[in-house]
Amino acid sequence: MVKRQIYEQLPRFTSALILVLSQSILVVGAFAIPIYSRTYQFNRVGNVDPLLALWESTDGADDSGGNDDKLRIVVVGGGWAGYSFCESISHNNVEIILLDASKQGRGGLAGGYRSKNDRPVEAGIHGFWREYRNTFDIMNVIEGVDVDEVLGDFSPSVLRSKNGKVAVAPVLLKEDEGEYRGQLGRIPALVNLSEESFRRFIAANLPPPLDLPVLAKLDNSMTKGDNSKLNPADLISGLGLLGAWADFEQESRTSWEIYDTQPASLLFEKAGITDALLDELVSPLLHVLPMCPAYDCSAAAALSCFHVFALQSRGAFDVRWARGSISEKIFGPWQKQLERRGVIVAGGARVSSIEKYKNGRYAVELASAPEDLGNAIECDAVVLAVGATAAGKLAASSPAISSLEATRDFDKLRGITCVAVRLFLKPNPSITLNLNGGSHDKTTLPPDMANAMSDSPISVCGSGIGGIDELKETGFCIYDLGRMHDEFSVDYYNEKGIVESDRVAVLEVDFYRANSFVDLDDEQIVDLALRAVSSALGTAKINSDDILIDTAVLRARNAVSHFSPNSALYSPHVKLEDGLYICGDWVDRTGHASWSTEKSVVTARQAASALSRDFGLRGSRCSVIPAAKDTAQLSALRQSARVLRRILPPKSIPPSPWVFVKQILSGENDP
Ligand SMILES: Cc1cc2nc3c(=O)[nH]c(=O)nc-3n(C[C@H](O)[C@H](O)[C@H](O)COP(=O)(O)OP(=O)(O)OC[C@H]3O[C@@H](n4cnc5c(N)ncnc54)[C@H](O)[C@@H]3O)c2cc1C
């Protein structure tokens, strides 16, 4: 009887054994064959889109367009995507009109607003990750923008969950360490015998992303009991994601489609990561990167987001923050540069619909616009550089767009609501000194708050903090702007001799997925922000009557692309038809591993490339810089995953070996 049972179970155990062995080989192999993979990497042609490579060779050819009837292009949207598109195309002798609904006509979501008392405000503080190659590249060509003056150095940040401070994420790659030695052949030196030096030495000799847990400083002082602390077993359980990470191929539409139909919650369940790791590390990051909870985030988006922002290369998690408003520091000089090249930038110009004439030309109709533009603009080509929900609305009112196959599902596109709160406080008479991170090491925030943020001026907070009802599904970031933006820094005030009464300490609180409270009035939202800060930092709640002197609340309703399950299916290619193009952080970037600002720049360059090809423009500058190549280890993992997928094709997301064994033992039939 027992024998028969064993025989019956044999095929199942055999396949379990194959899977466990192959996943082990996959992990071990990743480290055992780096030399082979490294050679493979060096010999491999970079992953440049062939179409883009073609246009790369024509960069800077200074085309005159060749005729007097200039091609007229209307660009709708003045954010990173719209400006990058104009930057690429404006080297040709063409007429470009950029229309943006916001009054200032530049900066996109960030905009450039003022508080009640005319202090500068922006919708969200903007960070630039190390691998934002195309974004840095484009900033480098803006006259009047010196990247090292506009952005601070890479800065550490602190991660907080509902249970308190989780970890300090230090700057992973220091200037003098070079890249992982496997890539550069350099062995980092052990500088001294301090714990910090040992950590950096070990991390520098490990392939990414294994350096991350070594360098992250976990906090052991969590307040809610032992269960909420991360221990080594929790961190190791994260390895369960390796199989899916390797199996998922950023550059393959098919792979996206498989993973995109599943929620990230299933991905984490299949990976067998512990509840503590999910609550303390994974979930807070999801709430601030794709800005949604695991059940409402596609597994493809979660994997891609972690890959791009953290895992793809050594130091990928490192961020530089703007030293002031990006609207003023970057978009201001950029607008001037584009205008010098003849681009017409019109703020306060809201497009209501787009018509197409029989002769193939378009009419862009305006719901509101500066007088000289009239009600409609006729043109040869239109570029939509608006967010996903705005594109959905435009398609709904424009049969010329909604009739296209590529826009069939635009009505299903969803956006995430963000609320940005800026709090201007009376400076504390005692200045707190010698603080880490940011561009300035002093603050005049209340001392308890200053000390709670001593490791970094940036606190990244998960959902559910302080048991506050409105924050159940809302993540947020707290920024001490006195340490990040020059114009609010103690050093600047001293240098300029600003009188005491004109000085302020500034806190910014940006909430992501703020749907549950976006309709509250400003006063209620300010109070919520003060409660959120006090709970996250464990500090006294600021009494608004005492020291709060000015506030600004900005609401961005459904404005941020929501990568919910199935969303990739609705995301269009940059070319909708001859003459109609689209770009932005929700548009298919054909395999280029990029997100947010970088994705907007990449898709803008890809759209510029497609338009240039269709209209024979030879002066365009639209080469896309490829994303980081896979490390030797990831490359080896991927090769093994491909083999494994051929031998044992999983029905959905592949489980980790330990979840697979558990499924087999419990009689589940879904390896
Ligand atoms: C709070 C917050 C914080 C963020 N932090 C970061 C960060 O740290 N790093 C990062 O990389 N990204 C960050 N992002 C995301 C980043 O802002 C976006 O990825 C980026 O703005 C996308 O640029 P875009 O040009 O594609 O679109 P948008 O910035 O959305 O620009 C679209 C433009 O189109 C205009 N428009 C819309 N409809 C119409 C119409 N009908 N007619 C005319 N104009 C129209 C809008 O006015 C807008 O200016 C953050 C976003 C938010 C909300």
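The values are calculated or read from the model by the stated rules, or taken from the named source; none is laboratory data. Values in this document were obtained by computation on a predicted structure and should not be read as measured data. Cβ: placed from backbone, ideal geometry, glycine included. Neighbour counts: every protein chain shown. Accessible surface is based on the protein model in full, side chains and every heavy atom, while ligands, DNA and RNA are left aside. Shrake-Rupley method; radii C 1.70, N 1.55, O 1.52, S 1.80 Å.
Does anything in segment 68-110 have its amide N under 14 Å from the 7 Å Cα→Cβ label point of Asn359, and if so which residues?
Only 69-72 fall inside the zone, counting backbone N under 14 Å.
For Gly475, which sequence-distant residues (separation of 5 or more, or a different chain) have an amide H within less than 5 Å of its own amide H, given hydrogens modelled in the peptide plane?
Amide H neighbours of Gly475: Tyr512.
Would you grab the residues whose amide H sits under 5 Å from the one on Leu576? Only those 5+ places off in sequence or on another chain, please, with H modelled 1.01 Å from N.
Tyr581, Ile582
Averaging sequence separations of C-alpha pairs under 8 Å and six or more residues apart, then dividing by the length of segment 278-418, give the relative contact order as a whole percent. Mind showing how you got there, number by number?
Working: 126 pairs, mean separation 18.8, N = 141.
Result for segment 278-418 is 13 percent.
Averaging over all projection directions, find the projected area of the Cα convex hull of segment 390-470 and quote it in nm² with one decimal place. Provide the component values of the computation, followed by the final result.
On the way: hull surface 38.4 nm².
Mean projected area for segment 390-470: 9.6 nm², to one decimal.
How large is ³J(HN,Hα), in whole Hz, for each residue of segment 361-376 in order, when computed from phi with the Karplus curve 6.51 cos²θ - 1.76 cosθ + 1.60 and θ = phi - 60°, using x for Gly and Pro?
7, 10, 10, 9, 9, 10, 7, 8, 6, x, 3, 5, 8, x, 9, 8
Which percent of the accessible area of segment 494-579 is formed by carbon and sulfur heavy atoms (probe 1.4 angstrom)?
Values: 1640 of 3840 Å².
Result for segment 494-579: 43 percent of the exposed heavy-atom area is carbon or sulfur.
Using the basic label-point model (7 angstrom from Cα toward the beta carbon), what is the Ser430 to Asn117 distance in nanometres?
Each label point lies 7 Å from its Cα, and together they span 2.4 nm.
For segment 422-465, what is the Kirkwood estimate of the hydrodynamic radius, computed as the reciprocal of the mean inverse distance between distinct Cα atoms, to one decimal in Å?
Working: mean 1/r = 0.0879 Å⁻¹.
Value: 11.4 Å, from the Cα pair sum.
Any chance you could run the full-extension gain for Asp153 through Asp502? It's 0.36 nm times the residue separation minus the Cα-Cα distance, nm to one decimal.
122.9 nm
How much of the pair distance distribution for segment 103-154 lies past 16 Å, counting alpha-carbon pairs only, in percent? Write out the running numbers ahead of the final one.
Values: 736 of 1326 pairs.
Everything past 16 Å amounts to 56 percent.
Using the C-alpha gyration tensor of segment 539-663, what are the square roots of 5 times its eigenvalues, in whole angstrom, with the largest one first? Present the calculation step by step, with values, prior to reporting the outcome.
Working: eigenvalues 256, 205, 49 Å².
After diagonalising the Cα gyration tensor, the semi-axes are 36, 32, 16 Å.
Rg and Dmax in Å for segment 308-404, alpha carbons only: what are they?
Rg and Dmax of segment 308-404, Cα atoms, are 18.3, 53 Å.
From the phi angles alone, apply the Karplus equation (6.51, -1.76, 1.60; θ = phi - 60°) to segment 130-140 and give each ³J(HN,Hα) in whole Hz, x where the residue is Gly or Pro.
Result, rounded to whole Hz: 3, 8, 6, 5, 6, 5, 5, 4, 6, 5, 5.
Per residue and in Å³, how big is the convex hull formed by the alpha-carbon atoms of segment 567-617? List each step's numbers first, then the result.
Working: hull volume 3.3 nm³, N = 51.
Enclosed volume per residue, from the Cα hull, is 65 Å³.
Please give the FRET efficiency for Arg408 paired with Ser197, using the beta carbon to beta carbon distance and R0 = 51 Å, rounded to the nearest 0.05. Walk me through the intermediate numbers first.
Values: r = 57 Å, r/R0 = 1.12.
Rounded to the nearest 0.05, the efficiency is 0.35.
Quick check for you: with a 1.4 Å probe and neighbouring chains kept, what is the accessible area per residue of segment 317-441, in Å²? Please list the in-between numbers first.
On the way: 5430 Å² over 125 residues.
I get 43 Å² per residue for this part.
For segment 254-353, which whole percent of the accessible surface, found with a 1.4 angstrom probe, sits on carbon and sulfur atoms?
On the way: 1560 of 2870 Å².
Roughly 54 percent, rounded to a whole number.
Just subtract the alpha-carbon distance of Glu371 and Asp469 from 0.36 nm times their residue separation and send over the number in nm, one decimal. Display every interim value, and only then the final one.
Working: separation 98, 0.36 × 98 = 35.28 nm, distance 4.68 nm.
That works out to 30.6 nm of additional length.
Using amide H atoms built in the peptide plane, which far-off residues or other-chain residues are under 5 Å from Gly78 H to H?
Ala101, Gly108
Kindly give Rg over Rh for segment 444-491, based on alpha-carbon atoms, with the Kirkwood expression for the hydrodynamic radius.
Working: Rg = 12.9 Å, Rh = 12.1 Å.
Rg/Rh for segment 444-491 comes to 1.07.
Normalising by the residue count of segment 266-349, find the relative contact order in percent from Cα pairs under 8 Å and 6+ residues apart. If you can, show how the numbers build up before the last one.
Working: 24 pairs, mean separation 12.0, N = 84.
Across segment 266-349, relative contact order equals 14 percent.
Taking θ = phi - 60°, what integer Hz values does the Karplus form 6.51 cos²θ - 1.76 cosθ + 1.60 yield along segment 120-129, in sequence order, with x for Gly and Pro?
So the Karplus estimates, Gly and Pro as x, are x, 9, 9, 7, x, 9, 10, x, 10, 6 Hz.
Mind checking the full-extension length gain between Val643 and Ala233? Use 0.36 nm per residue of separation minus the Cα-Cα distance, one decimal, nm.
144.7 nm
If packing is taken as the mean number of other Cβ atoms within 10 Å per residue, what is the order of 315-321, 573-579, 291-297, 335-341, highest first?
Working: 315-321: 23.0, 573-579: 18.3, 291-297: 20.9, 335-341: 16.1.
Result, highest mean first: 315-321, 291-297, 573-579, 335-341.
Compute the whole-percent fraction of alpha carbon pairs in segment 262-369 spaced more than 16 Å apart.
Details: 4313 of 5778 pairs.
Result for the distance tail: 75 percent.
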